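One structure below.
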Amino acid sequence: MNFFFGIKNNLISSNITIPRFQNNGYHNEKYSVYDAMPKDGKWSINKTICQSDKNFFYIDFSKFDKKQIFFLATELQVNNFIMSKQNILSNLNNFTNTSPIEFRSNLRISINKKGFSSYQSEYPIEMTRKKGSILSPLSSLLNSNSEQNLLFFKNIYFEPIFEKSKLYIVDMLNRKIIDEFEVSTNETNEIEIKKEFIKDSNYFFTEKTLGIPLFVSIKNDHLSFEHTHPPHLYLLNHNRFNKVSELKQEVRNIINLYNKETNGI
Amino acid sequence: MEYKKIFRSKLAKNLRNFLGFKPAHFLIDYEKTNMSVSDAFFWRTDNTFKTIFSFSDILNLYFKDDTSRVEILFYNKYAELIKTFKIANLKLTNKLLIDSFFLNGITDYGTFYIYHKSNKDIGTSIRNSCYTGYSFKNNLSSFVHGNTLTSYTSYNNEESHSYIAGKSTFQKQIYQVQNNYNFEKTEIMLMNPCNETILIEVNKEFYELQKGSSKLINIKDDQLIKIKSKCYLLRPVVFNYQGIYLDVHHG
């Protein structure tokens, strides 16, 4: 089961288009869209009010809280989930479990009703159960000639909690920490990336939080919007997770040294 | 484990695809090491387009390989090689501008592939899915990541395989892009990643694509994009236009 989400700030708005068909063409109109967000330590779930036709649900994310996430389900599945008093996101149905290509919504951002950019977006339920770290380059998708460069780091965690952790900007070549930020679970964390940070050796690293890194560049009301992949996807053999762990340990060592120098820890 | 190895062998994959039983989407042996696998990326220099290619030096980042370098091969839309470009002094992340000047005056579209090279026995194969940005009328580039493994070569150039996507023998595969297309203009770019000519149906119009060749298709009044072919993974890159504004995403 996949979740869908939007992003927004004072410049950018977004629209989420959720298909009522799988990518092999199989339609099923029995599902509705529901939205969920953590509230007072519980998942608050409501049927989403949005436009729809026989092929899609159309969500104008400006009408929703930044923390709200969306999923497809039947009324019965949602009622059973609420009655069960489970307080964790659960797999309610398999309609959005497709392979080899994942079931995706289109997440389109726009600015001043002019420029727009989109990608095919999903957040798989398996990922909501995991904690971990992400390492990703900053300069691949950002542009130092743009007026503004933003990193949105989206996390969905199965428990309705907001757990804070650190996100670091790391110079992998000179082995030093450039800056640090706080990120939270169940948030769309927004970080403005300064132009001087957009260098070929600069990466960002999250200490304890998995998520999807989304990069936005803005110039003259034109937009670019795309996500990066987790590092293990670049390696193909069975030892790839070990190799990625080694690389992440290198970054942790840089962070430990930085913490010692700055905080005396 | 032995059973798994046999099941994943190239011969078994071809047989599975012939029978349509647990088909292999890519005819690649994941046991092989020291291979650089490339997606098929699209370049565009037509209609004022420029293409920016953004890629990481994976061998240096993960393996501290000081002999790391890349070879980028450019093909026209008929899958004919038009340029080979080698870069030895790599940064951790790199950007290459592909415009008509870079391609010796060509204003058209086609594909390109990136292969990492090394003098060392790395012991691991890599896949660089990279990012291609498309700038229309000199505006900000709209970036997309690669989405289909298509070919690979060994780091030492001794072995290479092209057009490794799996294809069914009998049944056509349907791929319906999960988005609604309601723009002034929508184009899709497709390439044939299989090792044989395939017939492609896009919204009931038919195109024959030879192996490795690419095709830019205008989506007329349809708001849906439905692609049928015998290729198991035929995913387009989509170009949406609204006035001077452009959005490019992979389908």
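The values are calculated or read from the model by the stated rules, or taken from the named source; none is laboratory data. Only a predicted model underlies this, so the values are computations on that prediction, with no experimental measurement involved. Cβ coordinates were reconstructed from backbone atoms using ideal geometry, including for glycine residues, and neighbour counts include every protein chain displayed. Quick note on the areas: whole protein, heavy atoms, side chains included, nothing else; ligands and nucleic acids left out. Shrake-Rupley method; radii C 1.70, N 1.55, O 1.52, S 1.80 Å.
What average number of partner chain Cβ atoms lie no more than 10 Å from the Cβ of the residues making up B:127-137?
3
Which residues among region B:131-166 fall inside the zone where the amide N is under 17 Å from a point 7 Å beyond the Cα of B:LYS32, along Cα→Cβ?
B:149-166
Quick one: which of B:6-17, A:2-13 comes out on top by average Cβ neighbours within 10 Å, and what's the full order, highest first?
The packing order, highest mean first, is A:2-13, B:6-17.
What number, rounded to the nearest 500 deg cm²/dmol, is the helix-based mean residue ellipticity at 222 nm of chain A, given -39500 (n - 2.57) per DSSP H run of at least four residues and division by all its residues?
-4500 deg cm²/dmol
Using the structure shown, select from A:LYS208/B:LYS64; A:LYS66/A:LYS113; A:LYS63/A:LYS113; A:LYS199/A:LYS219; A:LYS195/B:LYS91; A:LYS113/B:LYS50 the pairs with a Cα to Cα distance greater than 22 angstrom.
With Cα atoms farther than 22 Å apart: A:LYS208/B:LYS64; A:LYS113/B:LYS50.
Got a number for the accessible area of B:TYR30? Probe 1.4 Å, square angstrom, nearest 10.
90 Å²
Taking 7 Å along the Cα-to-C-beta vector as the label spot, tell me the B:LYS226-A:ASN10 distance in nanometres, rounded to one decimal.
4.7 nm
Select from B:PHE239, B:CYS194, B:ASN218 the residue farthest towards the positive end of the dipole of region B:173-250; place +1 on Cβ of Lys and Arg, -1 on Cβ of Asp and Glu, and compute about the Cα centre.
B:CYS194
Measure off 7 Å from each Cα along the Cα-to-Cβ vector at B:SER9 and B:LYS172, then give the distance between these two points in nanometres to one decimal.
Output for this residue pair reads 3.5 nm.
Write out the trypsin sites (Lys or Arg not before Pro) in region A:67-135 meeting two conditions: DSSP loop, and at most 14 other Cβ atoms within 10 Å of their Cβ.
Hits after loop and neighbour filter: A:LYS85, A:LYS113, A:LYS114, A:ARG129, A:LYS130, A:LYS131.
Just the number, please: carbon plus sulfur as a percent of the accessible area of region A:103-177, 1.4 Å probe, no ligands or DNA/RNA counted.
45 percent
Take the Cβ-Cβ distance between A:LYS130 and B:ILE244 as r, set R0 to 51 Å, and report the resulting FRET efficiency rounded to the nearest 0.05.
0.75
Given a Förster radius of 22 Å and the C-beta distance between A:LYS63 and A:LYS42 as r, what FRET efficiency does 1/(1 + (r/R0)^6) yield to the nearest 0.05?
After rounding to 0.05, the efficiency reads 0.50.
How much area per residue is accessible in the protein assembly as shown when the probe is 1.4 Å and only protein heavy atoms are counted (Å²)?
On a per-residue basis, 43 Å².
When you look at the Cβ of every residue in A:9-22, what mean number of other chain Cβ atoms sits within 10 Å?
Partner-chain Cβ atoms within 10 Å, mean over residues of A:9-22: 1.
How crowded by other chains is B:90-101, given as the mean number of beta carbons from other chains within 10 Å of each beta carbon?
Partner Cβ neighbours, averaged per residue: 3.
Based on the mean of other Cβ atoms within 10 Å per residue, sort peptides B:66-73, A:185-192 so the most packed one is first.
Ranking, from highest mean packing down: A:185-192, B:66-73.
In chain B, carbon and sulfur make up what percent of the accessible area (probe 1.4 Å)?
The value for chain B is 49 percent carbon and sulfur by accessible area.
Suppose every K and R has +1 on its Cβ and every D and E has -1 on its Cβ; what is the size of the dipole of chain B about the Cα centre, in Debye to the nearest 20?
Computed charge dipole of chain B: roughly 520 debye.
Hey, got the dipole for region B:173-250? About the Cα centre, +1 on K and R Cβ, -1 on D and E Cβ, debye to the nearest 20?
220 debye
As I understand it, the value is the acute angle between the Cα axis of helix A:240-263 and the longest principal axis of the Cα atoms of chain A; what does it come to in degrees, rounded to 10?
It is inclined by approximately 60 degrees.
For a 26 Å ceiling on Cα separation, which of these pairs sit above it: B:LYS32/B:LYS167; A:LYS30/B:LYS167; A:LYS164/A:LYS194; A:LYS130/A:LYS243; B:LYS95/B:LYS230; B:LYS32/B:LYS215?
Violating the 26 Å Cα-Cα cut-off are A:LYS30/B:LYS167; B:LYS95/B:LYS230; B:LYS32/B:LYS215.
Projecting each Cα onto the charge dipole of region A:1-102 (Lys/Arg +1, Asp/Glu -1 at the beta carbon, about the Cα centre), which of A:SER52, A:PRO100, A:SER14 comes out farthest on the positive side?
Of the candidates, A:SER14 comes out farthest on the positive side.
At a Förster radius of 30 Å, what calculated FRET efficiency corresponds to the Cβ-Cβ distance of A:ARG175 and A:HIS238, to the nearest 0.05?
Efficiency, from the Cβ-Cβ distance: 0.55.
How far apart, in nm, are the 7 Å Cα→Cβ label points at A:GLU196 and B:GLU205?
5.2 nm
Set Lys and Arg Cβ to +1 and Asp and Glu Cβ to -1, take the dipole of the protein assembly as shown about its Cα centre, and tell me which of A:ASN145, B:ILE98, A:TYR157 lies farthest positive.
So the residue furthest toward the plus end is A:TYR157.
List the GluC sites (Glu not before Pro) in region B:181-226 that DSSP assigns to loop (not H, G, I, E or B) and whose Cβ has at most 12 other Cβ atoms within 10 Å. Which are they?
B:GLU184, B:GLU196
For a protection proxy built on the mean count of beta-carbon atoms within 10 angstrom, sort B:218-225, A:224-231 highest first, please.
Top of the packing list down: A:224-231, B:218-225.
Roughly how much accessible area, to the nearest 100 Å², goes out of reach of solvent when B and A pair up, both sides summed, probe 1.4 Å?
What B and A bury together is about 4700 Å².
Taking Cα centroids, how far is region B:163-218 from region A:209-265 in Å?
When both Cα centres are located, 34 Å separates them.
Which value, in Å² rounded to 10, gives the accessible area of B:CYS194 with a 1.4 Å probe and all protein chains present?
The value for B:CYS194 is about 0 Å².
Roughly how many Å is it from the Cα centre of region B:1-72 to that of region A:30-65, as a whole number?
So the two Cα centres are separated by 38 Å.
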